[in-house]
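**Student:** Below you will find the structure I want to go over with you.
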Amino acid sequence: MTSRHSAAESAQPRDSIDRHIARWGREVPGLVPELEGTVTRMQKLVRHLQQKKEAALARHGLKLWEYEILWRLRSAGEPYRMAPTRLAQGLGVHPATLTNRLDRLQLAGLITREHAPEDRRSLLVGLTPQGAATWAAVIDDQREAEATLLAPLAKKELGHLAALLRAVALAVEEDGPPLMPHVD
């Protein structure tokens with residue numbers, strides 16, 4: 001009986017996705033193991049990182065929408081302030097929804113709302129030191145989770161993986177919007 005796998009492939013450790021592919025390869029004609037394995041691994045690894053992010057947010061008492069507001073303010077650069085309208089647009093939420101969310105973050109001591117110095121009719125939302133520290137703590141947790149996830153790869157392998165994924169991202173972005181939203 002001939003094997004569908006080369007000797008080199010057989011020598012590699014098998015993971016749960018290999019078992020998934022073996023099972024579905026019998027059921028789905030034309031299933032390409034390399035394609036299915038790559039896509040499924042990317043999906044499962046992203047889900048794994050999402051679970052780590054949710055755990056980090058919970059440890060720091062944040063919900064995802066709260067983190068996103070802190071992230072957007074932090075991305076504005078010093079002094080980490082912006083107008084609520086711009087913040088709502090960047091987050092893709094209705095201004096009324098944002099007002100309610102900002103109330104909660106202000107009560108928690110993570111943001112401030114102040115009149116703009118150049119126009120007292122306008123408000124600016126800003127990070128408090130506590131908000132900036134909370135954001136930084138979540139980022140540190142995420143960085144650690146990402147480093148742990150990719151620790152099995154040597155630096156050269158990590159660079160190669162990044163280059164391969166960049167090529168795929170560039171192809172996707174040719175046909176559509178950027179995968180990463182522009183932060184201004």
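The values are calculated or read from the model by the stated rules, or taken from the named source; none is laboratory data. Source: prediction; values computed, not measured. Virtual Cβ from ideal backbone geometry, glycine too; neighbours counted across all protein chains shown. Protein only, heavy atoms only, side chains kept; ligands, DNA and RNA dropped before computing areas. Shrake-Rupley method; radii C 1.70, N 1.55, O 1.52, S 1.80 Å.
**Student:** Could you look at segment 127-169 and say what percent of its accessible area is carbon and sulfur, using a 1.4 Å probe and all protein chains? All intermediate terms of the calculation are to be shown ahead of the outcome.
**Tutor:** Working: 1920 of 2910 Å².
Accessible surface attributable to carbon and sulfur in segment 127-169 totals 66 percent.
**Student:** What is the magnitude of the charge dipole of the chain about its Cα centre, with +1 placed on the Cβ of each Lys and Arg, -1 on the Cβ of each Asp and Glu, and no other charges, expressed in debye to the nearest 20?
**Tutor:** 400 debye
**Student:** Can you tell me the FRET efficiency between Arg86 and Leu161 if r is taken as the Cβ-Cβ distance and R0 is 35 Å, rounded to the nearest 0.05?
**Tutor:** On the way: r = 35 Å, r/R0 = 1.01.
Calculated transfer efficiency: 0.50.
**Student:** Taking 1 over the mean of 1/r across every pair of different Cα atoms in segment 41-99, what Kirkwood radius in Å do you get? List each step's numbers first, then the result.
**Tutor:** Working: mean 1/r = 0.0773 Å⁻¹.
After inverting the mean inverse Cα-Cα distance, the result is 12.9 Å.
**Student:** Still on this structure, please answer the following. Starting from the Cα gyration tensor of segment 133-184, multiply each eigenvalue by 5, take the square root, and state the resulting semi-axes largest first in whole Å.
**Tutor:** Working: eigenvalues 118, 84, 8 Å².
Working from the Cα gyration tensor, I get semi-axes of 24, 20, 7 Å.
**Student:** Rounded to the nearest 20 Debye, what is the dipole magnitude of segment 85-145 about its Cα centre when Lys and Arg each give +1 and Asp and Glu each give -1 at the C-beta? Before the final figure, lay out each step's value.
**Tutor:** On the way: 7 positive and 7 negative charges, 55 e Å.
Using only the charged Cβ atoms, the result is roughly 260 debye.
**Student:** Could you provide, to the nearest whole Å², the per residue accessible area of segment 24-183 with probe 1.4 Å? Walk me through the numbers on the way to the answer.
**Tutor:** Numbers: 10800 Å² over 160 residues.
Solvent-accessible surface per residue comes out at 67 Å².
**Student:** Which GluC sites (Glu not before Pro) in segment 74-160 sit in a loop by DSSP (not H, G, I, E or B) and have at most 14 other Cβ atoms within 10 Å of their own Cβ? Mind showing how you got there, number by number?
**Tutor:** Values: sites: Glu114, Glu118, Glu144, Glu146, Glu157; in loops: Glu118.
Qualifying residues, ordered by number: Glu118.
**Student:** Based on the Cα gyration tensor of segment 1-108, what are the three equivalent ellipsoid semi-axes, each the root of five times an eigenvalue, rounded to whole Å and given largest first?
**Tutor:** Three semi-axes, in Å: 47, 15, 13.
**Student:** Work out how far the C-alpha atoms of segment 73-162 reach from end to end along every principal axis, then list the three figures in whole Å, largest first.
**Tutor:** Computed over the Cα atoms, the extents are 55, 25, 23 Å.
**Student:** Expressed as a whole percentage, what fraction of the accessible surface of segment 10-112 belongs to carbon and sulfur atoms when a 1.4 Å probe is rolled over the protein heavy atoms? Walk me through the numbers before you get to the answer.
**Tutor:** Numbers: 3530 of 6610 Å².
Carbon plus sulfur share of accessible area: 53 percent.
**Student:** Right, here's the next one. How large is the Kirkwood hydrodynamic radius of the chain, counting all unique pairs of alpha carbons, in Å?
**Tutor:** 20.1 Å
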